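Everything on this sheet refers to the single structure shown next.
The values are calculated or read from the model by the stated rules, or taken from the named source; none is laboratory data. Keep in mind it's a predicted model, so treat the numbers as computed, not measured. Glycine gets a Cβ as well: all are built from the backbone with ideal geometry, and neighbour counts include every protein chain shown.
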Amino acid sequence: MNFEKEISILLSSSNFVIYISTEEEERLEYILNYISKKLFKQNICSWNFIDGYTNNPNYLKHGKKNPLEALEIIEKYQGTNIKLFFLKDFYLFINDLSVSRKLKNLHNWLKKYDKYIIISGIESKIPKIIQGYVTYITLPLPNKKEIYIEIKRFLQILNINKYFLNNNLSKNYQGFSINQIRKSISKILINNSLQSEILEQILKEKEQLIKQTEILEFFYTNQKLKDIGGLNNFKKWLKVRNSIFTKQAISYGIKTPKGVLLVGIQGTGKSLSAKAISIEWNLPLLKLNISKIFAGILGESENKMQEMIQVCKKIAPCVLWIDEIDKIFTQHQNQNDSGTTSRVANIFLTWLSEKNELVFIVATANNINELPIEMLRKGRFDEIFFVDLPTFKERLDIFKIHLKKIRPLTWYKYNIYYLSKISKQFSGAEIEQSIIEAMYKAFYDKREFSTKDIITSINNIIPLAVTNEIKITKIREWGHSGKVKLA
């Protein structure tokens with residue numbers, strides 16, 4: 001249901017006080033005027049704290065710097081034809097006892113004379129005292145069609161017939177407000193940007209918007225799935241789902257994908273996989289900073305989790321990478337957190353089950369025992385994969401990938417067969433480290449590194465599977481128990 005239809009239904013079904021959460025005040029006023037003319041054949045009457053009422057002769061300047069008077073004036077002019085009163089930023093005053101009491105008193109009067117009050121603001125909280133009298137909704141950011149129309153209209157005003165007006169541009173601007181789109185296009189025009197530079201500029205602006213949240217990071221990567229050794233089952237699974245974000249997939253009836261949970265030993269390519277998916281699917285990658293979610297003020301952590309969800313909705317379609325998701329449920333939990341960890345986890349799990357946005361979540365975890373049962377049940381993620389230590393064949397691939405990167409012309413001279421044989425119980429990260437150590441040693445001796453140098457490095461490295469044998473053995477036993485798929 002689009003927003004205009006939603007408002008029209010609310011106004012036609014006895015919702016006399018409506019609170020609309022938005023940062024796009026100008027756009028909201030335009031929409032309300034359009035709806036008022038359509039339903040009531042009248043313009044709206046607007047109020048703000050500094051100027052009072054501004055666009056109606058009978059109300060002009062009344063209620064200036066006085067929110068209580070702004071409500072009293074609505075009741076005073078009961079004979080007016082105006083049906084819709086738009087009170088800007090009025091959320092700042094509804095916690096005042098006299099204002100909330102007046103709103104309650106005014107409710108029956110509004111019902112009697114078929115008049116409506118629209119309050120705008122940027123918070124989602126309504127005081128309990130008036131919750132039964134106020135209907136809360138959110139103005140969504142403009143969709144692809146609205147963005148296309150706005151860009152076209154904006155360029156017509158400037159009398160510019162620019163080559164970059166197309167549907168792809170509208171798609172890339174999803175997540176922006178109308179005002180942000182105007183500023184961005186103006187910047188593109190002033191810089192006389194080339195068509196090839198426009199997408200890059202929009203992505204940079206998206207990155208700045210995301211950085212402002214402090215809880216999400218716009219992550220750039222050039223990792224591809226072919227750069228990851230092994231994980232063949234997981235790669236096949238992803239390949240089958242390569243086109244899930246297309247119109248054809250939606251028309252076919254495929255449900256919106258939820259995501260994947262990768263559980264396993266550290267250094268086995270879980271985080272690399274998250275980065276590679278965004279490249280393979282050509283989607284922006286957002287990384288959640290879990291430590292920023294848990295703030296010191298009571299209630300702030302829940303707000304930050306909600307903010308994270310809203311940003312993902314704005315940027316969708318996208319990939320959301322949550323590294324070491326088990327930390328949400330363990331690291332921050334203590335006896336004195338007043339239930340914060342539990343509430344944050346519940347918000348996330350509810351969204352995971354109910355989300356319809358094209359946000360594909362790639363979550364990684366090192367310890368399955370620290371995740372709640374609710375997260376592991378079907379419906380939270382599309383699939384759970386166990387990422388094990390690489391097999392002999394997979395170690396061959398890993399050595400080949402890393403050596404090809406640094407010695408593309410001479411990689412084949414290294415005895416990767418023998419190196420793979422002696423590096424049993426090594427993770428992919430430990431294999432990479434053995435090559436790095438060999439290079440350090442050879443560079444110090446002012447010569448090219450050799451197979452012998454890597455062998456020495458391997459012999460000097462004690463892998464995690466040895467230093468933490470009991471824990472790793474337990475994780476591997478669970479991974480091979482048949483309860484999850486092997487990556």
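If I filter region 261-277 down to residues being of a type in the set (Ser, Thr, Tyr) and within 24 Å of Gly379 (Cα to Cα), which single residue comes out as surrounded by the most Cβ atoms within 10 Å (Cβ to Cβ)?
Ser273
The rows are residues; the columns are (1) outside any helix (DSSP H, G or I); (2) over 21 Å from Tyr220 (Cα atoms); (3) polar (S, T, N, Q).
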{"position": "Thr256", "(1), (2), (3)": "yes, yes, yes"}
{"position": "Ala274", "(1), (2), (3)": "no, no, no"}
{"position": "Ile279", "(1), (2), (3)": "no, no, no"}
{"position": "Ser291", "(1), (2), (3)": "no, no, yes"}
{"position": "Glu302", "(1), (2), (3)": "no, yes, no"}
{"position": "Met305", "(1), (2), (3)": "no, yes, no"}
{"position": "Met308", "(1), (2), (3)": "no, no, no"}
{"position": "Lys314", "(1), (2), (3)": "no, no, no"}
{"position": "Leu320", "(1), (2), (3)": "yes, no, no"}
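Quick check on this structure: which one of Asp382, Asp397 is within 43 Å of the chain's Cα centre (by Cα), among the acidic types (Asp, Glu) and in the same structural domain as Leu262 (by TED's automatic domain parsing)?
Just one listed residue meets the conditions, Asp382.
Only one residue in Asp388, Asp326, Asp397 is more than 30 Å from Ser243 (Cβ to Cβ), modelled with pLDDT of 75 or more and surrounded by 19 or more Cβ atoms within 10 Å (Cβ to Cβ), so which one is that?
Result: Asp326 is the single residue among Asp388, Asp326, Asp397 that is more than 30 Å from Ser243 (Cβ to Cβ), modelled with pLDDT of 75 or more and surrounded by 19 or more Cβ atoms within 10 Å (Cβ to Cβ).
Just one of (1) in contact with a helix residue (DSSP H, G or I) (Cβ under 8 Å, 6 or more places away or on another chain); (2) without any contact (Cβ under 8 Å) to a residue 40 or more places away in the chain trips up Leu286, so point out which.
If we test Leu286 against (1) in contact with a helix residue (DSSP H, G or I) (Cβ under 8 Å, 6 or more places away or on another chain); (2) without any contact (Cβ under 8 Å) to a residue 40 or more places away in the chain, just (2) comes out false.
Looking at the structure I just gave you, is Lys128 in contact with a helix residue (DSSP H, G or I) (Cβ under 8 Å, 6 or more places away or on another chain) and among the charged types (D, E, K, R)? Give the steps one after another, and end with the answer.
On the way: in contact with a helix residue (DSSP H, G or I) (Cβ under 8 Å, 6 or more places away or on another chain): no; among the charged types (D, E, K, R): yes.
The answer is no for Lys128.
With Gly253, Gly229 as the choices, which residue is assigned by TED's automatic domain parsing to the domain that holds Arg343 and more than 22 Å from Asn356 (Cβ to Cβ)?
Gly229
Only one of (1) at pLDDT 90 or above; (2) assigned by TED's automatic domain parsing to the domain that holds Lys355; (3) not hydrophobic (A, V, I, L, M, F, W, C) is not met by Glu370, so which one is it?
Evaluating Glu370 over (1) at pLDDT 90 or above; (2) assigned by TED's automatic domain parsing to the domain that holds Lys355; (3) not hydrophobic (A, V, I, L, M, F, W, C) leaves (1) as the failure.
For residues in region 400-416 being in a helix (DSSP H, G or I) and more than 38 Å from the chain's Cα centre (by Cα), which is surrounded by the most Cβ atoms within 10 Å (Cβ to Cβ)?
Looking at the filtered set, the residue picked out is Ile416.
Any residue in region 35-42 that is of a type in the set (A, V, I, L, M, F, W, C), within 33 Å of the chain's Cα centre (by Cα) and within 23 Å of Ile137 (Cα to Cα)?
The answer is yes, given that some residue of region 35-42 is of a type in the set (A, V, I, L, M, F, W, C), within 33 Å of the chain's Cα centre (by Cα) and within 23 Å of Ile137 (Cα to Cα).
Please list, ordered by first then second residue, the pairs with beta carbon atoms under 6 Å, 6 or more apart or interchain, first in region 253-274 and under 18 Å from Asn367 (Cα atoms), second assigned to a helix (DSSP H, G or I) and modelled with pLDDT under 80.
The qualifying pairs are Val263/Ile368.
Quick one: in region 455-477, which of the residues that are crowded, with 16+ Cβ neighbours inside 10 Å, assigned to a helix (DSSP H, G or I) and of a type outside the set (Val, Ile, Thr) is modelled with the lowest pLDDT?
Arg476
Here's a check for you: in region 287-310, which residue that is at pLDDT 80 or above and out of contact with any Ser or Thr (no Cβ under 9 Å at 6 or more places or on another chain) is nearest to Lys206 (Cα to Cα)?
Lys287
Return the total of residues in region 66-80 being in a loop (DSSP other than H, G, I, E, B) and under 16 Å from Ile119 (Cα atoms).
So the answer is 1.
Ile82 passes all but one of (1) out of contact with any helix residue (DSSP H, G or I) (no Cβ under 7 Å at 6 or more places or on another chain); (2) free of Cβ contacts under 8 Å to residues at least 60 places away in the same chain; (3) farther than 21 Å from Leu39 by Cα; which number fails?
(3)
Conditions (1) surrounded by 20 or more Cβ atoms within 10 Å (Cβ to Cβ); (2) charged (D, E, K, R); (3) not assigned by TED's automatic domain parsing to the domain that holds Lys38, marked per residue:
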position: Lys83; (1), (2), (3): no, yes, no
position: Phe86; (1), (2), (3): yes, no, no
position: Leu92; (1), (2), (3): no, no, no
position: Asn95; (1), (2), (3): no, no, no
position: Val99; (1), (2), (3): no, no, no
position: Leu103; (1), (2), (3): yes, no, no
position: Leu106; (1), (2), (3): no, no, no
position: Tyr116; (1), (2), (3): yes, no, no
position: Glu123; (1), (2), (3): no, yes, no
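Which one is farthest from Lys104 (Cα to Cα) among residues in region 15-33 that are hydroxyl-bearing (Ser, Thr, Tyr) and touching a helix residue (DSSP H, G or I) at 6+ places or on another chain (Cβ under 7 Å)? It would help to see each step written out before you state the result.
Step one: list which residues in region 15-33 are hydroxyl-bearing (Ser, Thr, Tyr), which gives 19, 21-22, 30.
Now narrow it down to the ones that are touching a helix residue (DSSP H, G or I) at 6+ places or on another chain (Cβ under 7 Å): 19, 22.
On the way: Tyr19: 14, Thr22: 23 Å.
Out of the qualifying residues, it is Thr22.
Looking at region 39-54, I want the residues that are within 24 Å of Ile9 (Cα to Cα) and touching a residue at least 12 places away in the same chain (Cβ under 8 Å) and have a partner that is hydrophobic (A, V, I, L, M, F, W, C) and assigned to a loop (DSSP other than H, G, I, E, B) with Cβ atoms under 7 Å, at least 6 apart or on another chain. Which pairs are those?
Short answer, once both residue conditions are applied: Gln42/Ile82; Cys45/Ile82.
Restricting the search to region 104-143, which residues are among the aliphatic types (A, V, I, L, M), farther than 19 Å from Cys45 by Cα and part of a helix (DSSP H, G or I)?
Ile129, Ile130
Out of Glu437, Glu430, Glu448, Glu477, report the one residue that is of a type in the set (Asp, Glu), in contact with a Gly (Cβ under 7 Å, 6 or more places away or on another chain) and over 27 Å from Val240 (Cβ atoms).
Result of the check over Glu437, Glu430, Glu448, Glu477: Glu430.
Identify, please: which residue in region 5-25 is within 25 Å of the chain's Cα centre (by Cα) and assigned to a helix (DSSP H, G or I) and is, among those, farthest from Lys88 (Cα to Cα)? Spell out how you get there, then give the answer.
First, pick out the residues of region 5-25 that are within 25 Å of the chain's Cα centre (by Cα): 6, 19-25.
With assigned to a helix (DSSP H, G or I) added as a condition, the list becomes 6, 25.
Working: Glu6: 20, Glu25: 8 Å.
The residue in question is Glu6.
Is one or more of the residues making up region 433-454 of a type in the set (D, E, K, R), surrounded by 12 or more Cβ atoms within 10 Å (Cβ to Cβ), touching a residue at least 24 places away in the same chain (Cβ under 8 Å) and not in a loop (DSSP other than H, G, I, E, B)?
Among the residues of region 433-454, at least one is of a type in the set (D, E, K, R), surrounded by 12 or more Cβ atoms within 10 Å (Cβ to Cβ), touching a residue at least 24 places away in the same chain (Cβ under 8 Å) and not in a loop (DSSP other than H, G, I, E, B), which makes the answer yes.
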